[in-house]
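Below is one structure, written out as structure tokens, with a few remarks after it.
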Amino acid sequence: MRQGAIVLVEDDIDDKLFFENILKNIDVKNEVIWFDNTDDALQFLCDTKKTIFIILSDINLPGKNGLEFKFKIDNDKKLRKKSIPFVFYSTAAYQQDVNQAYTQMTVQGFFKKDADPKESEHTIKTIFEYWSLCKHPNTN
């Protein structure tokens, strides 16, 4: 697995624990940095010197939602230059949100959470394998 922290923006503690359990099952050892709101996540991304492997964000969040969060990242020159892969991983996957994510911002994926643990594990494993292999501006 590529080095760097995983930024998880998720307000539901049960979903956070479920996600961390999946990472354990698929042997992902990257540090997970969890935020339950987008304001704190955005501030962290602006301030951190850490390498970030990927950002996974829910859509429905308190305060600014996931789409607003991604829009702020895209409009911040410093964050945009970091080219951090950004994937929506959300219970809600309304077509209008999917369309907005792909046509108005630079999202690299939009996945619907699955209630089936095995399906969720397969999805997360696929995302992480892809981004471990994918070349992008911050690839060493």
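Before moving on, here are some points about what is shown:
- For the options ASP76, ASP97, ASP39, a Gaussian network treatment of the chain with springs between C-alpha atoms closer than 10 Å singles out ASP76 as fluctuating the most.
- Under 18 Å from a label point set 7 Å out along the Cα-to-Cβ vector of CYS134, the amide N atoms of segment 105-120 belong to 105-113.
- Comparing ILE84, ILE124, ILE26 in a Gaussian network model of the chain (Cα springs below 10 Å), the most mobile by mean-square fluctuation is ILE26.
- Simple point charges give the picture: +1 on the Cβ of Lys and Arg, -1 on the Cβ of Asp and Glu, and for segment 5-133 a dipole about the Cα centre of about 760 debye.
- Taking amide H positions as modeled 1.01 Å from N, with prolines and chain starts lacking one, the residues under 5 Å from PHE110 and 5 or more places away or on another chain are PHE88.
- For LYS16, a cut-off of 19 angstrom between C-alpha atoms picks up these lysines, skipping any fewer than 8 places away in its own chain: LYS24, LYS29, LYS64, LYS112, LYS113, LYS118, LYS125.
- The length gained on full extension between GLU119 and LYS77, counted as 0.36 nm times the residue separation minus their Cα-Cα distance, comes to 11.5 nm.
- Measure of compaction for the chain (Cα Rg per 2.2 N^0.38 Å): 0.97
- Scanning residues 5 or more positions from ILE33 or on other chains, those with amide H under 5 Å from its amide H are ILE6, VAL7, LEU8, with H placed 1.01 Å from N in the peptide plane.
Taken together, the values in this text are just the output of simple stated rules run on the coordinates, not laboratory data. This structure is a prediction, so every number in the text was calculated from the model and none was measured. Neighbour counts are summed over all protein chains in view; Cβ atoms, including those assigned to glycine, are modelled from backbone coordinates with ideal geometry.
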